[in-house]
Ligand code: SAM
């Protein structure tokens, strides 16, 4: 097909729709129809996609979580032999919480040209409609299901200075939102998107405690993405607040130096701010 250099094999990482067939790009169609080999995750999903799109792949090979390691070398061999291989997953972008990462790494290591045919991904779709800061974000995939790993990851999200995006299964959304509310505080902003690009698409935006109550009160349906706003930046006290704290510490009997050091530690201000306030409270 026309995507590659003459005679050279390549691996094409092809994004497919996350619900709406019209999101299948022209380049993705061409790749699926013309690739020498399509590496797909699940026969049912990709078979249905090809059928709906009126496409027929030349040759198909399954590549899923259980056989990716073994299959990757076969696929890389095919690329090295000159084949164009299109990698697709059940929905969205391969390797994003889907098989593909190991195959791409193996192809890169073998010197195979790897190219993206970009397109739908629930991650970016949910992020850009969240209304939350998008300049910096972290993609968390699916959170660990239980135990210390889950606790630690939720604690890290609570403290994160950037927006966090998590995938979640419908049956676990309410519990995850409740745990996030407990860790981040009830007022933290969140956007919960479900069924993106589908008939019942919905994005709900509000506070974590409202989100948890809402999710608990209805039967969860469809695929969900949770987008969590960053932890609020710590507020630095102004000069008046700092001086007032120091005056109180002085009245409580602390020396000028001890009051300065205590106020600096308690309010988390810089040494210079603490010195300025100390001079205002105890002019030399
Ligand atoms: N590779 C896919 C991508 O690029 O988005 C993600 C695959 S992952 C196995 C499936 C998860 O993605 C779902 O559990 C859900 O969290 C999210 N997801 C996929 N499609 C979605 C949709 N239409 N609406 C909301 N979330 C979706």
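The values are calculated or read from the model by the stated rules, or taken from the named source; none is laboratory data. Owing to the predicted nature of the structure, the values given are computational and were not obtained by experimental measurement. Using ideal geometry, Cβ is built from the backbone for each residue, glycine included, and neighbour counts are taken over all protein chains shown.
Residues of the stretch 119-132 that are on the phi < 0 side of the Ramachandran plot and surrounded by fewer than 14 Cβ atoms within 10 Å (Cβ to Cβ): 128 alone. Note on the stretch 137-162: residues that are away from the ligand (no atom under 16 Å from the Cβ) and in contact (Cβ under 8 Å) with a residue 40 or more places away in the chain amount to 5.
Yes or no, residue by residue, for (1) outside any loop (DSSP other than H, G, I, E, B); (2) assigned by TED's automatic domain parsing to the domain that holds residue 201; (3) over 25 Å from residue 41 (Cα atoms):
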site	(1), (2), (3)
98	no, no, no
128	yes, yes, yes
131	no, yes, yes
139	yes, yes, no
145	no, yes, no
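Candidates in the stretch 163-193 are the residues that are assigned to a loop (DSSP other than H, G, I, E, B) and touching a helix residue (DSSP H, G or I) at 6+ places or on another chain (Cβ under 7 Å); of these, the one that is farthest from the ligand (Cβ to nearest atom) is 186. A single member of 71, 115 is outside any helix (DSSP H, G or I) and touching a strand residue (DSSP E or B) at 6+ places or on another chain (Cβ under 8 Å), and it is 115. Restricted to the stretch 17-38, and to residues there that are within 14 Å of the ligand (Cβ to nearest atom) and in contact with a helix residue (DSSP H, G or I) (Cβ under 6 Å, 6 or more places away or on another chain), the residue that is farthest from residue 199 (Cα to Cα) is 17. In the set (1) under 16 Å from the mean Cα position of the chain (by Cα); (2) crowded, with 22+ Cβ neighbours inside 10 Å, residue 156 fails one condition alone, (2).
Looking at 210, 241, 219, just one residue is more than 14 Å from the ligand (Cβ to nearest atom) and either buried (at least 18 other Cβ atoms within 10 Å of the Cβ) or in a loop (DSSP other than H, G, I, E, B) (or both), and that residue is 219.
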